[in-house]
Amino acid sequence: MNRQKKQIAHALHVIMLATIHQTALHGLFTIHFYEFAPNMLMNFIEEEGGPLIWPSITESAQNAFDATCRKLYGLLNQQKHRS
């Protein structure tokens with residue numbers, strides 16, 4: 001898979017994560033969204049991946065989704081330690 005396709009896949013996984021938890025994210029799309037969004041996401045992802053989507057997606061799709069969540073978790077933790 002080339003770099004552009006991987007980036008698109010990661011973007012779709014982040015959208016999937018937001019869609020799954022849309023009720024939790026509802027109301028955060030205000031001027032303070034960027035302040036609260038990382039903390040909100042950390043409630044749904046962990047070092048080993050994201051929430052289980054089963055049975056809606058295949059195992060390989062779940063693995064790809066978990067890979068995106070692990071990368072996002074690492075990124076958010078780096079930013080958290082910098083502040």
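Every read-out reported here was derived from the displayed coordinates using simple, explicitly stated rules and does not represent laboratory data. Remember, predicted model here, so these are calculated numbers, not experimental data. Glycine gets a Cβ as well: all are built from the backbone with ideal geometry, and neighbour counts include every protein chain shown.
Rounded to the nearest 0.05, what FRET efficiency do LEU12 and ARG82 have when you use their Cβ-Cβ distance and R0 = 35 Å?
Computed FRET efficiency for LEU12 and ARG82: 0.80.
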Please arrange HIS13, HIS81 by counting, for each residue, the other beta carbons lying within 10 Å of its beta carbon, fewest first. HIS81, HIS13
Contour minus Cα-Cα distance for ASN39 and ALA67 (0.36 nm per residue): 8.2 nm
FRET E, pair TRP54, ASN2, Förster distance 30 Å, beta-carbon r, rounded to 0.05: 0.60
